[in-house]
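Throughout, read-outs are computed from the coordinates displayed, never taken from laboratory work. Because the structure is predicted, anything quoted here is derived from the model rather than measured. Cβ atoms come from the backbone with ideal geometry, glycine included; neighbour counts cover every protein chain shown.
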């Protein structure tokens, strides 16, 4: 029943989630800079706050205050809407992410399906940005990302289905509860699914070695070449929110989610999620980028067949 | 290379798109401008535009005395300024028939080889950056280059444009204790080369991006007069330090690394191997460093006899030649610079025809061009 109390709870929860997203992506941006600096024998940001902790805040303020430049010749409406199409779906995905036993906005019974479908909308934003910018670099970036993200969706979902087969439920909480005895990553075929998931998730969020849509050395900045100020910041926040989401989903599906001894559930969840984020950052700063055709042949000729095979073997194990 | 066209593709109407890569682009190594004709991601044709960094060095030379032109040579190939200094001074000395103290020759070899290592480090680092390895190899390379720059800082007081060689010798003698520093660097560098090999050389993604890409065949390389590591990667054993030894290079033991395929990976790997050989040369030069005074005693104004000279040296990028015509005055009548990057760049349209957009940057990075000496 819709009451005033309901409305207030909704608003409070919404504000909490938005606050968490803003804080988390700022922390991740700072973390990325620090991790990359350590890998490259540098210090990274050191001036703003302790160890440069407030650097992201300073950057956010700078981006907010910047002039909103719209190049002439862009497709006005599409261009203006694109950052929202990129950022809003990743915020919406937070609805079903379980931070703890009761710390979940809404435990939908189609939870994981909801996440995969809602995050697929992000590609629309990227493609809109690439198409409407009236810039050839952006267009190439947009086309590349459309091809890449749609192809990698297949092995991604296949690896998620493998988990769902073992739990028999799409609900995120149910998946976590199923792992109360052991983490799913300890089963060999689910460990393979974990690897497939991580690789395709990396491609989904356009990070090195799959950062082809925004390949700096080829396409300048890819689809967001023409964006500046707060619109650019939206793409940036979307990127790091997506990074958080894929890590959170990986932690939930394979590493037992918020379950763990001694520490409170929220802490366990964040520990696992940020651990995966750290590994993804490590990968990013160590590997070169693959070429676009190599990327496509890898997903269709290697990753998808392995994912199917893994699915069939899992089915055989279940009915045995 | 002709691209295969499938039967069903012939009926689809498609257009090629033109794209300007550069002069402001993250991976065109300066102000190179490539006009690419793209069919989707595939490069159909390309036109190379140069001249954005033109400073008319050769004309300036006609209005400077021979000594005054030395700092200008620093700005040709600013990544390996020592080698440019060296080439120019050797040419003038040959024109004047001047002899150089033996100690100066050894010091010149040490400086030139250290600078060759620094230059190759930049080539490797920025090449990895072009492949999308987000700056980590670049920072590793710069970490070691920094040690070389510190050594140069002590030798001549400069870090990028050294202005160290003089006609008839070098500017200063080596400072005390520098040989210890150089030996430490050699030891450190040997262990760090292993790090590069671990990080890059046999990485699966790196191999996929570099093997069999941008193959420069032997005869094509010779026809385009490609020189330096790029030529040796194509299988031609040609190094002026061995073929026409200048200074005291004939006294040292070193190998010329040669690859056979001429693809991007070979060009990268040749540079790694050349760093090792340069370390060997420096080691031997330090051990055999004779006593004496390497500094100049011949004054600053030189009046070479009327005549002409062409002298070529092996710079990190290839054959660097200086052609000087003298009319007997203190200014050169004409000075022509044969820049290695210029010829190496000329082969680009051949190499990038029919490759993917992403390979354009990797091929360009592997050729290791410096716009300063192309535009002069």
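Values of log10 I(q)/I(0) for region B:262-338 across q = 0.15, 0.18, 0.22 Å⁻¹ run -0.87, -0.96, -1.02, by the Debye formula with one identical scatterer at each alpha carbon and no solvent.
Computed from Cα positions, the angle between helix B:136-156 and the longest principal axis of chain B comes to roughly 20 degrees. Each semi-axis of the equivalent ellipsoid for region B:146-237 is √(5λ) with λ an eigenvalue of the Cα gyration tensor; in descending order they amount to 35, 22, 11 Å.
Mind jotting down the distance between the C-alpha centroids of region B:49-81 and region B:347-371, whole Å? Value for the Cα centre distance between the two parts: 26 Å.
Axis of helix B:357-367 versus longest Cα principal axis of chain B: the two differ by about 20°, to the nearest ten degrees.
Shape class of region B:229-376 from the alpha-carbon gyration tensor: oblate, with a/c at 1.5 or above and b/c at least as large as a/b. Once the Cα atoms are used to define both axes, helix B:178-196 deviates from the longest principal axis of chain B by about 10 degrees. Per the Kirkwood treatment, what hydrodynamic radius in Å, one decimal, follows for the protein assembly as shown from the mean inverse distance over all distinct Cα pairs? Over the protein assembly as shown, the inverse of the mean reciprocal pair distance is 28.3 Å.
Note on chain B: Cα Rg divided by 2.2 N^0.38 Å, N the number of residues, gives 1.03.
In summary, region A:234-292 shows an alpha-carbon radius of gyration equal to 1.30 times the 2.2 N^0.38 Å reference for compact globular proteins. On the basis of the beta-carbon distance and an R0 of 25 Å, residue B:198 and residue A:41 show a calculated FRET efficiency of 0.95. Set against the 2.2 N^0.38 Å expectation for a compact globular protein, region A:1-65 has a Cα radius of gyration ratio of 1.59.
More than 33 angstrom separation, counting every C-alpha pair in chain A; what % is that? Of the Cα pairs, 27 percent sit more than 33 Å apart.
Look at the stretch B:352-358: the mean tally of other chain Cβ atoms within 10 Å of its residues' Cβ atoms is 4. Among A:260-271, B:69-80, A:5-16, the peptide with the highest mean count of other Cβ atoms within 10 Å heads the list, and the full ranking is B:69-80, A:260-271, A:5-16. Averaging Cα coordinates gives a centre for region B:100-155 and one for region A:275-314; these two points are 36 Å apart.
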